[in-house]
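Q: Dropping the structure in here first, questions after.
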Amino acid sequence: MHTRFMLEAIKEAKKAGAIDEVPIGAVVVKDGKIIARAHNLRQTRQIATAHAEILAIEKACRKLNTWRLEGCTLYVTLEPCPMCAGATILSRIETVVFGAYDPKGGSFGTSVDFTTIKAFNHRPVIFAGVLEEECATLLKDFFILKRNKNQSGPTENDEL
């Protein structure tokens, strides 16, 4: 079941990569249906918070006309950062399913685990490593390509 929706998140990640954004994609599912989808748009919008998860959560909130996303599952190709993990907790998302682990900022077990913070009044259920290899390969290939471009000379959009 998780594979089907992670494949949809991967489609979103590929959209990001196609416009030179870090290839991370997310979908929000409720009652077995996708209600929101998004991909990274930080470079495009020049907004630090334009992560796939945040954009998908915002769309889901508008779709359901509530900030409480109870009964929803977030599928994302990379383990959420602290900001995105916080947004899932604050929006009451029931379940988070992620693909690749993020050793630099993963906040559901890799760098820190937000589900263990007792002060939070909500803890999503976490499923990690779903289609991990496919998700990680998207990111690895993107950054290899960026490094190879940078060896040819930097461009004004390079952040790495």
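The values are calculated or read from the model by the stated rules, or taken from the named source; none is laboratory data. Computed from a predicted model, the values in this text were never measured in an experiment. Glycine also receives a Cβ, built like all others from the backbone with ideal geometry; neighbour counts cover every protein chain displayed. Please note that ligands, DNA and RNA were not included when accessible areas were found on the heavy atoms of the full protein model with its side chains. Shrake-Rupley method; radii C 1.70, N 1.55, O 1.52, S 1.80 Å.
Q: Being without any contact (Cβ under 8 Å) to a residue 60 or more places away in the chain, of a type in the set (Asp, Glu) and buried (at least 17 other Cβ atoms within 10 Å of the Cβ) is true for just one of Glu70, Glu21. Which residue is that?
A: Glu21
Q: Could I ask something else about it? Of the conditions (1) open to solvent by 50 Å² or more (accessible area, probe 1.4 Å); (2) assigned to a loop (DSSP other than H, G, I, E, B), Arg92 clears all except one; give me its number.
A: (1)
Q: Out of the residues in the range 59-80 that are out of contact with any Asp or Glu (no Cβ under 7 Å at 6 or more places or on another chain) and in a loop (DSSP other than H, G, I, E, B), state the one that is farthest from Ala128 (Cα to Cα).
A: Asn65
Q: Any residue that is among the basic types (Lys, Arg), more than 20 Å from Lys15 (Cβ to Cβ) and open to solvent by 20 Å² or more (accessible area, probe 1.4 Å) - is there at least one of those in the range 96-105?
A: Checked against the condition, which is being among the basic types (Lys, Arg), more than 20 Å from Lys15 (Cβ to Cβ) and open to solvent by 20 Å² or more (accessible area, probe 1.4 Å), the range 96-105 yields at least one hit.
Q: Between Ala38, Ala48, Ala16, which is modelled with pLDDT of 95 or more and either closer than 13 Å to Cys135 by Cβ or open to solvent by 80 Å² or more (accessible area, probe 1.4 Å) (or both)?
A: Ala16
Q: Also, quick follow-up: Consider Val28 carefully, then state whether it is assigned to a loop (DSSP other than H, G, I, E, B) and either loosely packed, with under 15 Cβ neighbours inside 10 Å or not aromatic (Phe, Trp, Tyr) (or both).
A: In short, no.
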